[in-house]
Amino acid sequence: MNVPVWNPAVEFMEREALERLQFANLRNTVTWALKTPFYRRRLAEVGMTHPEDLTSLRDLRNLPYTTKDDLREAYPDGLLAVEPEQAVRLHTSSGTTGMPTVIYHTRRDIDHWTELVARCIVATGATARDVFQNMTNYGLFTGGLGLHYGAERVGMLVIPASSGNTGRQVQLMRNFQTTVVHATPSYLLHLHAALGDEGITREQLSLRKAFIGAEPHSEQTRRKIETLFGIQAYNSYGLSEMNGPGVAFECVYQTGLHLWEDAYILEIIDPRTLQPLPEGETGEIVMTTLQRQATPLLRYRTRDLSHLVGGNCPCGRGHRRLARIKGRSDDMLIVNGVNVFPSQIEDVLMKIPEVGTNYLIQLEKRGSLDRLVVKTEIYAKLFIGDPQTLDDLRERIGELLRSAILVKPAVDLHEPGSLPVSEGKAKRVLDLRPAF
Ligand code: AMP
Ligand code: ZN
């Protein structure tokens, strides 16, 4: 395969040169960080008052971690490292887990970010000839403008559709022969169901690729999207604290997400001991920005869980690969003492042919015990006919889940379109257990 590439000089850089570049950029980052009261104090605590105090890349380990709480405390401008007039934009996180955090960008920061997104887009084989419909929210959320700028730089025809309004999305896709879309995986599944309702087949669309991200999803969900639409779907990982999209993306080989190591230093740590973990072990992703001037972040604890994929990607890029995000260290559910990640449940559900496109995990308290209820949509035709078939299906889903998560949930079957849909990140878990 001819490997499509945007910036060969950086994407195929030898490891040694890449690390030299990282070190130079890390020193710049510390220089910028020292301009903020927050990092001046934090760095002084570890004896660092000057970028020259860093003598090698290994010294990164002596730098303090930064947490989401730190960002919240510094809200709104405690981490701004440039004069306010140099900043040209700000974004906030979507705040699914509490108060938002804010990240500022200079013009140069936006330019670097755009370059990273362009690399990601081209790595999937998309080109200037594609028509790109961006179905994520334009606004404070980074998925809209982030992908938009990257796609324009690549030269694609960009349709800034933003999220929601499924009828209009479909109309735009048909009128302009959209070939590539960007959306959350849950929204794409919803869109597929809507096409079915309107009697539109995938042959009437020109779609060939989707960029999916912003929320945890399983390999089975990706495959389901690929099969339903007859396209390739590429996993996109990013977070507003690290700009947004453009952090890590799958290339044409879909063997893990290349993380741009000239722009970020990646560490995987044990979230309890805070010690670095060897390649292949799952832990918390920690990242340091290397290019961002307006809001530099050192060793930011993302709370996202993943591991590094060993070996080399057939595409030849040396930038290491992250495995699919397993979940967040803080979205793990504990059900009667058993740790359960929502992604494990999703993985089982999406393998079951009768299961539709939407589901909800509900936790309740029954006496002193937790009760796990998995509500899932199934195809409408299954509700016609022998009720015993539904009982059997309920039982089969319950057993499949039990063997994967060690807890047998109650299973509720729902008609298509009856469970709530969200336009942005899907809310899959409803925890009704009383707080302590
Ligand atoms: P935000 O800063 O609001 O854009 O949210 C970023 C968070 O979304 C990340 O920290 C992850 O928890 C989640 N996220 C983004 N992309 C992915 C992805 N491809 N797979 C799983 N989770 C993701
Ligand atoms: Zn690759």
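The values are calculated or read from the model by the stated rules, or taken from the named source; none is laboratory data. Predicted model only: the values in this text are computed from it and were never measured. When we count neighbours, we look across all protein chains shown, and the Cβ atoms used for this are built from the backbone with ideal geometry, even at glycine. The area values use the complete protein model at the heavy-atom level, side chains included, leaving out ligands, DNA and RNA. Shrake-Rupley method; radii C 1.70, N 1.55, O 1.52, S 1.80 Å.
Would you mind telling me the antiparallel percentage of the DSSP bridges in region 188-281, rounded to 5?
Looking only at bridges with both residues in region 188-281, the antiparallel portion is about 60 percent.
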The longest stretch of the chain containing none of the trypsin sites (Lys or Arg not before Pro) that sit in a DSSP loop with at most 16 other Cβ atoms within 10 Å is 273-426
Compute log10 of I(q)/I(0) for region 42-143 with the Debye formula, placing one identical point scatterer on every Cα and leaving out solvent, at q = 0.20 Å⁻¹, to two decimals. -1.21
Violating pairs (Cα-Cα greater than 25 angstrom) within the set 68/375; 381/425; 326/351; 35/68: 68/375; 381/425
Distance (nanometres) between label positions extended 7 Å along Cα→Cβ at residue 177 and residue 15: 4.6 nm
The helix 166-175 Cα axis meets the longest alpha-carbon principal axis of the chain at an angle in degrees, between 0 and 90 and rounded to 10, of 80 degrees
Return the long-range amide H neighbours of residue 13 (sequence gap of 5 or more, or a different chain), with a cut-off of under 5 Å between placed amide H atoms. 318
Using +1 at the C-beta of Lys and Arg and -1 at the C-beta of Asp and Glu, which of 322, 341, 358 has the Cα lying farthest in the positive direction of the dipole of region 282-436? 322
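Once the mean 1/r over all distinct Cα pairs of region 285-436 is inverted, what Kirkwood radius in angstroms do you read off?
18.2 Å
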Give me a comma-separated list of calculated 3J(HN,Hα) values for region 11-24, in order, Karplus coefficients 6.51, -1.76, 1.60 applied at θ = phi - 60°, integers in Hz, x for any Gly or Pro. 5, 9, 4, 5, 3, 4, 5, 4, 5, 4, 5, 4, 5, 4
Would you compute, for the Cα atoms of the chain, the largest minus smallest coordinate along each principal axis and list the three values in descending order, in whole Å? 75, 56, 41
For the chain, report the accessible area per residue in Å² (1.4 Å probe, heavy atoms, rounded to an integer). 43 Å²
Of the accessible area of the chain, with the probe set at 1.4 angstrom, what percent is carbon plus sulfur? 51 percent
Kirkwood Rh and Cα Rg combined as Rg/Rh, region 79-214: 1.02
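How big is the antiparallel share of DSSP beta bridges in the chain, given as a percent to the nearest 5?
The antiparallel proportion sits near 60 percent.
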How large is ³J(HN,Hα), in whole Hz, for each residue of region 262-274 in order, when computed from phi with the Karplus curve 6.51 cos²θ - 1.76 cosθ + 1.60 and θ = phi - 60°, using x for Gly and Pro? 7, 9, 9, 9, 9, 10, 10, 10, 6, x, 8, 8, 6
At a probe radius of 1.4 Å, what is the per-residue accessible area of residue 32, in Å² to the nearest 10? 30 Å²
Spread of Cα-to-Cα distances over 10 Å intervals beginning at zero, given as percent, for region 203-305: 14, 40, 31, 13, 3, 0
Quick one: if you stick a label point 7 Å off each Cα along the C-beta vector at residue 281 and residue 323, how many nm between them? 1.4 nm
Need one number: nm distance between label points at residue 58 and residue 86, each 7 Å from Cα along Cα→Cβ, rounded to one decimal. 3.3 nm
Report the Cα centroid-to-centroid distance between region 67-141 and region 376-407 in angstrom, as an integer. 42 Å
Relative contact order for region 91-243 using alpha-carbon pairs under 8 Å, separation at least 6, rounded to a whole percent? 23 percent
